[in-house]
1. Search region 72-84 for residues that are without any contact (Cβ under 8 Å) to a residue 24 or more places away in the chain and pair each with any residue that is open to solvent by 20 Å² or more (accessible area, probe 1.4 Å) and of a type in the set (Ser, Thr, Tyr) when their beta-carbon atoms are under 9 Å apart and the residues are at least 6 apart or on different chains.
2. Please verify whether Gly339 is open to solvent by less than 30 Å² (accessible area, probe 1.4 Å) and assigned to a helix (DSSP H, G or I), treating the condition exactly as stated.
3. Could you look through region 189-200, keep only residues that are open to solvent by less than 20 Å² (accessible area, probe 1.4 Å) and out of contact with any helix residue (DSSP H, G or I) (no Cβ under 6 Å at 6 or more places or on another chain), and pick out the one that is farthest from Ile458 (Cα to Cα)?
4. I'd like the full set of residues that are modelled with pLDDT under 75 and touching a Lys or Arg at 6+ places or on another chain (Cβ under 8 Å), limited to region 40-57.
5. Select from region 285-318 the residues that are small (Gly, Ala, Ser) and either in a helix (DSSP H, G or I) or touching an Asp or Glu at 6+ places or on another chain (Cβ under 9 Å) (or both) and list them in ascending order.
6. For Val156, state whether it is of a type outside the set (Phe, Trp, Tyr) and modelled with pLDDT of 80 or more.
7. Can you tell me which of Lys100, Lys92, Lys71 is part of a helix (DSSP H, G or I), of a type outside the set (Gly, Ala, Ser) and either at pLDDT 60 or above or farther than 26 Å from Lys467 by Cα (or both)?
8. Using beta carbons and a limit of 7 Å, which pairs, at least six apart or on different chains, have the first residue in region 256-280 and within 26 Å of Ser208 (Cα to Cα) and the second one open to solvent by 20 Å² or more (accessible area, probe 1.4 Å) and among the basic types (Lys, Arg)?
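The values are calculated or read from the model by the stated rules, or taken from the named source; none is laboratory data. Since this is a predicted model, take the numbers as computed values, not measurements. Ideal geometry is used to build each Cβ from the backbone, glycine not excepted, and the neighbour counts take in all protein chains shown. Protein only, heavy atoms only, side chains kept; ligands, DNA and RNA dropped before computing areas. Shrake-Rupley method; radii C 1.70, N 1.55, O 1.52, S 1.80 Å.
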Amino acid sequence: MLRWLRAFVLPTAACQDAEPPTRYETLFRALDRNGDGVVDIGELQQGLQSLGIPLGQDAEEKIFTTGDVNKDGKLDFEEFMKYLKDHEKKMKLAFKSLDKNNDGKIEPSEIVQSLQMLGLHISEKQAELILQSIDSDGTMTVDWNEWRDYFLFNPVTDIEEIIRFWKHSTGIDIGDSLTIPDEFTEDEKKSGQWWRQLLAGGVAGAVSRTSTAPLDRLKVMMQVHGSKSMNIFGGFRQMVKEGGIRSLWRGNGTNVIKIAPETAVKFWAYEQYKKLLTEEGQKLGTFERFISGSMAGATAQTFIYPMEVLKTRLAVAKTGQYSGIYGCAKKILKHEGFGAFYKGYIPNLLGIIPYAGIDLAVYELLKSYWLDNFAKDSVNPGVMVLLSCGALSSTCGQLASYPLALVRTRMQAQATVEGAPQLSMVGLFQRIVSKEGVSGLYRGITPNFMKVLPAVGISYVVYENMKQTLGVAQK
């Protein structure tokens, strides 16, 4: 397809500067199937298909909306020519940024070097796989003509798109708040796409958490009232008997309400920490991303932690014990003082490091494995691979930090348990291990894992639908 495109539409580099309008006009005529002098979205899609350049609906729509300057729903020749000229300029800049030795060719070692600067570490073998999909003459290098032909109708404008295939998705919410924030490009920040994506992620998180709230409440109950006799079915039966079906969602309101302030603070803090850890114009590496993300998570948790305590207190409360979120907060403040809103804060803070570190490390490992073994024609892994990698890495992070999460929850709730001594973090660890064994530190982990798959599936579906509703450009 690339050879045909070069021969039929794109003259040699020598002719390119001499007669650019002729080159663009030939291609425009091939796309203008009814010969009316304009190309609509249907003609663009059919024309690209017949030319052997099927890009997919999202990419084709992005080309069309970018090129349609007067927004009349059609591309005339001037708009078409301007789009291709502007796009080729961007492609030239991207090519030059990769061509480190300025020899007019991109080699695997240059791909490795460039991606390292962008925080993505790949082997030379992986770089060769990336080049294979662009290299049309089998030389294992890519010259400007091959690069231009490959990206002529691809709205991708720089090599960072490869990384964006593999970034953690904001829309995946498995109910925990310790994940590292998402990355947004400068274009996304300027166009306002970032807040739309955050809003879509927030709504997805709210729906996902509400859908899996019964499992989350059961987890909290098992953590606080840990005993070998309490199993999943017995726990559900006990909760329903005590407060009816509605009681399964007790504490969910607070869990949903805290999404907005937590996301906002984490995003703001992440941007500030990135600036502190990197020089201007420098890209964020994996280590800097881990440190910035962990510190942003700690900042956000400090800000919203009282809501975490309220969620736990409401979840373990008996029917009628509190009148609601405000009533619960009022009672805690009156009887225990302001300090009670930060009970369990230290183990919560300590839990961020193993969670974020292992989540990121496992994700990088899975990504590297996929690139090594399955990336043949594209570095885009597809939705199912991304969802699976994200869910698995987050689950591993949860597993590593779970003992700290359990101790945090017990410290938050121990004032409500009759006869329970008010122990410190170390004291609680010792008590749990001595009375329940090491397995006591993982009490409630089964319902926690049970909610991962439905949470991932629900949040992804809602996230994608919300992105469409809010007009978020598809990548």
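1. Short answer, once both residue conditions are applied: Tyr83/Thr66.
2. Numbers: open to solvent by less than 30 Å² (accessible area, probe 1.4 Å): no; assigned to a helix (DSSP H, G or I): yes.
No, not satisfied.
3. Gly192
4. none
5. Taking region 285-318 first, the residues small (Gly, Ala, Ser) are 285, 292-294, 296-298, 300, 315, 317.
The answer is Ser292, Gly293, Ser294, Ala296, Gly297, Ala298, Ala300, Ala315.
6. On the way: of a type outside the set (Phe, Trp, Tyr): yes; modelled with pLDDT of 80 or more: no.
No.
7. Values: Lys100 fails: part of a helix (DSSP H, G or I); Lys71 fails: part of a helix (DSSP H, G or I).
Just a single option satisfies the conditions, and that option is Lys92.
8. Between residues of region 256-280 that are within 26 Å of Ser208 (Cα to Cα) and residues that are open to solvent by 20 Å² or more (accessible area, probe 1.4 Å) and among the basic types (Lys, Arg), there is no close pair.
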